[in-house]
Each structure stands twice: as structure tokens, then as C-alpha cells.
1. Can you find, within region 139-180, the residue that is farthest from Thr286 (Cα to Cα) among those that are among the small types (Gly, Ala, Ser) and near the ligand (Cβ under 10 Å from one of its atoms)?
2. Looking only at region 181-218, count how many residues are in contact with a Pro (Cβ under 6 Å, 6 or more places away or on another chain), within 15 Å of the ligand (Cβ to nearest atom) and either closer than 19 Å to Met60 by Cα or not hydrophobic (A, V, I, L, M, F, W, C) (or both).
3. State yes or no: is Ser157 open to solvent by 30 Å² or more (accessible area, probe 1.4 Å) and modelled with pLDDT under 95?
4. When you check Phe136 against the structure, is it farther than 30 Å from Glu230 by Cβ, at pLDDT 95 or above and more than 16 Å from the ligand (Cβ to nearest atom), yes or no?
5. Mind listing whichever residues of region 74-91 are open to solvent by 40 Å² or more (accessible area, probe 1.4 Å) and either assigned to a loop (DSSP other than H, G, I, E, B) or away from the ligand (no atom under 12 Å from the Cβ) (or both)?
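The values are calculated or read from the model by the stated rules, or taken from the named source; none is laboratory data. Quick caveat, the model's predicted, so the values are computed rather than measured. When we count neighbours, we look across all protein chains shown, and the Cβ atoms used for this are built from the backbone with ideal geometry, even at glycine. Ligands, DNA and RNA are excluded from the accessible area calculation, which covers all protein heavy atoms including side chains. Shrake-Rupley method; radii C 1.70, N 1.55, O 1.52, S 1.80 Å.
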Amino acid sequence: MRVYNFSAGPAVLPQEVLEQAAAEMLDQGGSGQSVTEMSHRSGEYGAIHGECEALLREVMGIPGNYKVLFVQGGAHMQFEMVPLNLMRKGKADFVVTGQWAGKAYSEAKKYGEANLVASSKDKTFSYIPALEPEKFDKDADYFHICQNNTIFGTKFSAPPETGDVPLVADMSSCILSEPVDVSKYGLIYACAQKNMGPAGVTTVIIREDLIRDLSDSKVPTMLRYQIYSENDSLYNTPPTYAIYMCGLVLKWLKKKGGLAAMKTLNEKKAAILYDYLDGSEMFGGTVEKEYRSLMNVPFVTGNGELDKKFIKRAKEEGFVNLSGHRSVGGMRASIYNAMPIEGVEKLVAFMKHFEQENA
Ligand SMILES: *Cc1c(COP(=O)(O)O)cnc(C)c1O
């Protein structure tokens, strides 16, 4: 039996996608091989690779002056690659709204001056801080945000206006959840295993003029955007199977109506859960209302023992991976694109039942 999987990542994938991958496991499109057995230099794989990029460009409306790169090493490696490639003058601005944003900030300190523009640490990252433009460094190489904070459940409702300073956003847990205007960003990165596919590939969408020639530098070859860009992310073996799965997810997404349709559905799903949390006597959300994430919904009972009991009982009923991040505890329901609305409705019905039973 399939469970309702609320994992923050690796996370639920659409059932149709898994079924298609299963059906194609032994024989991909008449090739007599699985994608995972194919040479990455073969024509068959080339078509899969190209189609994944084309679909992403279409679904996200990525302008022609941006490159799409497929990189390994997860979002964590981007915490290094971004400063290594983008720091020319050696300084960048950071907004720290959670653990991932904090890591991007501290890694960047190794390579230059990292200016902390704002932080929401004072209230356990339960809000998005107001930004004071006079604190922005007009001379910075880039301005970094984490658009959706997977652990704490907050999101930027609109990207900050950074003028000529390129905006860099970690969209690992919100890419493809709603339309974004890519032209407002210099660079977007997202690991796949939240809302796009399996672990193993991280997508980087970068404005061409930010790709620097690092041939004469000591920056490791595999950490240069230039290398990925010049070689269509095929300089070495890319994570072929993960890219194939992302392609299947993008096809599914397109069939479902694309990002506008996803946004409508995601808002509906999130509202079901937040409305219940707002009215419940037992459960409560942990985030200030106006900053709530559409994708990651943390909540608590206020009683650690009751939280544990809830997580255990939920699991018995087929609602799995509801524990909060190991750094914060409580509960968190991640409701990515692939979580069907029935999953959220049934979870809320179970929560009501649990609340009555344990009142
Ligand atoms: C999951 C996540 C990361 C870490 O991703 P890895 O692929 O494990 O390195 C970074 N940023 C955000 C926003 C995430 O959700």
C-alpha cells in the first residue's frame, strides 16, 4: 500500500511518474536498456537530457540569456560554487532566514566578505525579516536569499529588489511550486529531491553574463559553472537517471497545467492545513501568518510527549515522515506538488480525530 508521505526530502513523487519509470526500467523507448545503463554519450540519453532542459525552460519560462546546468553535490555544493564563481570583488549580501540560508552565509565567508543584511534568528526563524535597502551593499557581487525555508516553514512572498546586484536564490524546496519571474534573478539553484525528482541532481539557472572564465584560476574544474555551461552539463558523467526522472516529473507537471495550476492547487492544499491549525485547540502553526510557506508546514502541540504520540499514531494510519527537522522537533508536513489534495484532507481528518481522542 502507498502511504501519504510528508517527507521534506527526498520526498513524494507523482505516482504516474513512478509507474512510468517502473514500466521503462528494463527497456527505455525500445532501446532494450534502462536509462541507468545507457552511455551518457549515446543519442538515446542525449535526447532525455535535452528534453529535461527544454521542459524546464518551457515550464518555468526561462529567458534565452540564461543557462540551465545540471550539477551533482546537492544544494550544499552551491553554497560553495556560488561564491567561488560569482565573487569578483569579493563581497556579497545575505539574508539569514534559517539553517540553509545560514550555511550559504557561513560558507561564503571563506571566500570573501559576507554582509549580513538581516536575520530572523531572534524568533527562531518564524518570520521573514523586513529588509532595509540602505543596508544593501551596492557594490556586492550578489545578494543571497533562501526563498523557501524548508525547516522553519517560511517563504519570501516576493523577491527583494536588489537593483544591479544579481539576486541569487536557493529554491530547493519551492522550485516548480508556483510561477517565478526568472529575469528577476541572477542565479537560481535547487536540489531535485524536494519538488522536482530524486536526489542526485541540482539544477542551476544562471544568467549568462555571470558565468566567468575561470580557466586560469585555482577553482576546481568541477566547481566552475563555465565547465557545465560549455559542455551542456556533460563534461563528465551527469546523474543520468535523476535527470531522466526530473524530465518525467516536468512532463507530468506540464500535463497538469504547469506552474499556474500548481500554484492554485498548492494554495488550496496549504489553506486546508493552515485553516485547521488556526482553529485547533491542540495543534498550532509556528510561523507568523504572512510568511507561511506553501510547501512546508511546521506545527506543534506544545507538549513534546503528545507530539511523539501524534507522529506514532499518524504513522500507523499511513501518514509518514511527519517529524519536524531534527534541529527543531515538533511536526512538519511537507506538501509538495506531488502530494495529492486527498492526502492533506485525510491528514486533517486524522488530526481532528486525534484532537478529540486526546482532548
Ligand atoms: C534540502 C535543502 C538544502 C540541502 O540540500 P542538499 O541537496 O542535501 O545539499 C538546501 N537548501 C534548501 C532550501 C533545502 O530545502
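1. Filtering region 139-180 down to residues among the small types (Gly, Ala, Ser) leaves 140, 153, 157-158, 163, 169, 172-173, 177.
From the residues that got through so far, the ones that are near the ligand (Cβ under 10 Å from one of its atoms) too are 169, 172-173.
On the way: Ala169: 24, Ser172: 21, Ser173: 18 Å.
The selected residue is Ala169.
2. 3
3. Details: open to solvent by 30 Å² or more (accessible area, probe 1.4 Å): yes; modelled with pLDDT under 95: yes.
Yes: the conditions hold for Ser157.
4. So Phe136 fits the description; yes.
5. Residues satisfying the conditions are Arg88, Lys89, Lys91.
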